[in-house]
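*Asks:* One structure, as structure tokens, below. Some questions next.
The values are calculated or read from the model by the stated rules, or taken from the named source; none is laboratory data. Just so you know, these numbers come straight off a predicted model, no measurement behind them. Methodologically, a virtual Cβ is constructed for each residue, glycine included, from the backbone with ideal geometry; neighbour enumeration extends over all protein chains shown.
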Amino acid sequence: MSTDFTVLVVDDEKHNRQLLTELLQHECRLVLAKNGEQALARASEQQPDLILLDVVMPDMSGHAVIRQLKEDDGTRDIPVIFITALDSFDDQETGLELGAVDYIAKPFHPPIVRARVRNHLRLVEQRRLLEQLAMLDNLTGIPNRRRFVETLAQEWRRCLRHALPLSLIVADIDHFKRINDTYGHAQGDDALRSVAQALKWAVHRPGDFVCRYGGEEFVLLLPGVDADGAFAFADCVRQHIATMPLQTANGKPLQLTLSLGGASHVPTVPDVSDALFLAADRALYDAKHAGRNRVVWAPPRADGPGTRRLAGPGAPAMPR
Ligand SMILES: [Mg+2]
């Protein structure tokens, strides 16, 4: 089992913490807590993959601790194994009803402790893998819309904390239906994969994000980038795609273009509103209507009409 896993061991007796450390130190990274209060703080800070939780502790019982863990969105899904000397069926029943996944009995029987911990870490590993797969788009291999919703919420909070702008770009392949109709769906799929790779290549700063939102639509997130920077970036992407030839099955090169709509905002409230996405999507709509293969940026929100900016063939120079 890899030491990528973090296990939080909660026991009021030092002797037990030491014993479990000796038993498990080669299986995982260990974090120790000697009471319920510490356990809750460390669970939320360190996000362990598994918690071994003593039932009988002086200030707060293990049952009280698991109740609080299950009430918190940040710790609810961390599996908990109870450590107990109590072997009554009632206690086991209470623990399992409260959401524990298993029991380890005291005094410890080393091979059983190790086997139980290993089994549960293996389940954690499988779940992690499934979660990762569920966040990827099958066709292009880049993140999907589900992952986008999660990332947007994270980046929104991060930008709020640091008073940074967050820019969002919606990019859509022009006349995609025509590609499918003319060259067939395999060629359409190739086009989607090529654009996905090009976008993935374009976003390379840590924190930058791209996903396939659905159909032929992609969304990019640029945390910490203001409207000027993001607009220039979007136009680079547009130019890159417009000069990137795609080989078709019959040998004729096919030229794709993208229409892009963007919006930027410095978050001021903790919860993401749909306004940023809707503003970018509205700008995309305008880019399509202005003739495609261009970038339109949403005017700044709240105060004044702002300037709707445009870049692309035949567009006026970008106002600065
Ligand atoms: Mg105890």
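*Asks:* Inside segment 86-128, can you point out the residues that are more than 20 Å from Arg76 (Cα to Cα) and touching a Lys or Arg at 6+ places or on another chain (Cβ under 8 Å)?
*Replies:* Once the filter is applied, which keeps residues that are more than 20 Å from Arg76 (Cα to Cα) and touching a Lys or Arg at 6+ places or on another chain (Cβ under 8 Å), segment 86-128 yields only Ile104.
*Asks:* I want to confirm something. Restricting to segment 130-145 and keeping residues that are modelled with pLDDT of 95 or more and among the charged types (D, E, K, R), which single residue is nearest to Tyr213 (Cα to Cα)?
*Replies:* Across segment 130-145, the extreme among qualifying residues is Arg145.
*Asks:* Scan the strands (runs of 3 or more DSSP E) fully inside segment 238-290 and keep the ones with 3 or more residues being assigned by TED's automatic domain parsing to the domain that holds Leu166 and surrounded by fewer than 22 Cβ atoms within 10 Å (Cβ to Cβ).
*Replies:* Hits in segment 238-290: 245-247, 253-255.
*Asks:* Also, quick follow-up: Residues in segment 106-123: is at least one free of Cβ contacts under 8 Å to residues at least 60 places away in the same chain, over 36 Å from the mean Cα position of the chain (by Cα), away from the ligand (no atom under 16 Å from the Cβ) and closer than 22 Å to Leu19 by Cα?
*Replies:* Yes, segment 106-123 contains a residue that is free of Cβ contacts under 8 Å to residues at least 60 places away in the same chain, over 36 Å from the mean Cα position of the chain (by Cα), away from the ligand (no atom under 16 Å from the Cβ) and closer than 22 Å to Leu19 by Cα.
*Asks:* Go through segment 70-95 residue by residue and tally those that are touching a strand residue (DSSP E or B) at 6+ places or on another chain (Cβ under 8 Å) and free of Cβ contacts under 8 Å to residues at least 12 places away in the same chain.
*Replies:* Total meeting the criteria: 1.
*Asks:* Residues Ala153, Ala186, Ala196, Ala163: which one is under 18 Å from Asp137 (Cα atoms), of a type outside the set (S, T, N, Q), out of contact with any strand residue (DSSP E or B) (no Cβ under 8 Å at 6 or more places or on another chain) and in contact (Cβ under 8 Å) with a residue 12 or more places away in the chain?
*Replies:* After applying the criteria, what remains is Ala186.
*Asks:* Can you work out which of the residues in segment 50-80 that are of a type in the set (A, V, I, L, M) and more than 14 Å from the ligand (Cβ to nearest atom) is nearest to Arg118 (Cα to Cα)?
*Replies:* The extreme case among them is Leu50.
*Asks:* Condition first: touching a helix residue (DSSP H, G or I) at 6+ places or on another chain (Cβ under 6 Å) and over 15 Å from Arg42 (Cα atoms). Now tell me which residues in segment 65-83 satisfy that.
*Replies:* The answer is Phe82, and nothing else.
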